[in-house]
Amino acid sequence: MDLLKKRIEEVGDVVSDGVLRLDSILNHQVDPDLIMAMGREFAVRFKSSNPTKVVTVESSGIPIAFATALELGVPLIFARRKKSVTISEHVYEERVPSFTKGIVTDIVIAQKYLNEEDRVLIIDDFIANGDAARGLVRIVEKSGAELVGIGIAVEKSFQNGGHSLRELGIKVESLAKIASLTDGKIVFES
Ligand code: 5GP
């Protein structure tokens with residue numbers, strides 16, 4: 001998606017060889033026009049598989065997932081990061097390492113919002129090692145719903161998340177693929 005690549009070139013802040021900061025458009029301040037364009041693009045790419053729910057995990061995936069859900073005309077569910085140690089019987093729960101925070105968090109979705117009649121599109125802002133996406137995939141599996149695919153705004157293709165999910169036969173679509181962040185330079189995959 002050329003518009004996203006252009007904005008990444010303009011505002012992307014390379015924090016290290018492995019991390020890109022997009023705080024002015026995606027991860028802190030949010031650019032609504034860009035987010036809505038991403039939602040339209042995901043809707044085009046996944047509409048034919050008739051999703052009934054869009055699923056993401058809080059917090060940075062929410063605006064893009066919302067835009068996608070709005071465009072598809074279906075609800076958005078965002079998995080919540082559980083802060084309490086009490087475990088409800090009525091949630092699907094998965095333990096997920098956080099790439100940016102360096103900690104492990106438990107993510108939960110209430111069972112009443114996801115069931116075997118659903119067709120789920122997972123949306124997230126970045127994919128690195130794929131832990132967040134895999135956690136959501138496992139929650140979808142537990143619910144009995146069908147996974148129609150995964151839409152990612154920025155795939156860092158020098159990390160293994162996207163590849164490993166495609167190897168499982170999952171349709172993974174990313175709007176910008178970054179081949180390298182070495183030496184502070186953003187190099188897109190052609
Ligand atoms: P993964 O679970 O695939 O290793 O990492 C994905 C999650 O970590 C995303 O939900 C995103 O919030 C965060 N993340 C991973 N890499 C980056 C990055 O380079 N920049 C930012 N801002 N977030 C990232």
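Here are the numbers for this structure:
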read-out	value
Probe 1.4 Å, all protein chains present, accessible-area order of Ser98, Ser59, Ser190, largest first	Ser190, Ser59, Ser98
Computed label-point distance, nm, for sites Val30 and Lys101 using a 7 Å Cα→Cβ extension	1.8
Over 27 Å [Cα-Cα, the chain], rounded percent	24
Karplus (6.51, -1.76, 1.60) ³J(HN,Hα), θ = phi - 60°, over segment 138-154, in Hz, Gly and Pro reported as x	5, 5, 4, 4, 4, 6, x, 6, 9, 8, 9, x, 10, x, 10, 5, 10
Computed FRET value (nearest 0.05) for Leu3 with Asp183, which takes r as the C-beta separation and R₀ as 25 Å	0.45
In degrees, nearest ten, helix 62-72 long axis to first principal axis of the chain (Cα)	70
R0 of 30 Å, Cβ-Cβ distance Ala110-Asp13: FRET efficiency to nearest 0.05	0.25
Cross-link reach list, lysines versus Lys112, counting only Cα pairs under 16 Å and skipping chain neighbours closer than eight places	Lys53, Lys142
Coil-residue GluC sites (Glu not before Pro) of segment 102-190, DSSP, other Cβ within 10 Å capped at 14	Glu116, Glu117, Glu189
Estimated distance in nm for a label pair at Asp23 and Phe158, the labels positioned 7 Å out from Cα along Cα-to-Cβ	2.2
Ellipticity estimate at 222 nm from DSSP helix runs (n ≥ 4, -39,500 (n - 2.57)) divided over the chain, nearest 500	-9000 deg cm²/dmol
The chain - accessible surface per residue (Å², probe 1.4 Å)	50
Neighbour-limited loop hits for GluC sites (Glu not before Pro), segment 10-113 (at most 16 other Cβ within 10 Å; DSSP other than H, G, I, E, B)	Glu58, Glu89
Carbon plus sulfur fraction of accessible area for segment 2-181, probe 1.4 Å, in percent	50
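The values are calculated or read from the model by the stated rules, or taken from the named source; none is laboratory data. This structure is a prediction, so every number in the text was calculated from the model and none was measured. Cβ atoms come from the backbone with ideal geometry, glycine included; neighbour counts cover every protein chain shown. The accessibility values were calculated without ligands, DNA or RNA, using every heavy atom of the protein model including side chains. Shrake-Rupley method; radii C 1.70, N 1.55, O 1.52, S 1.80 Å.
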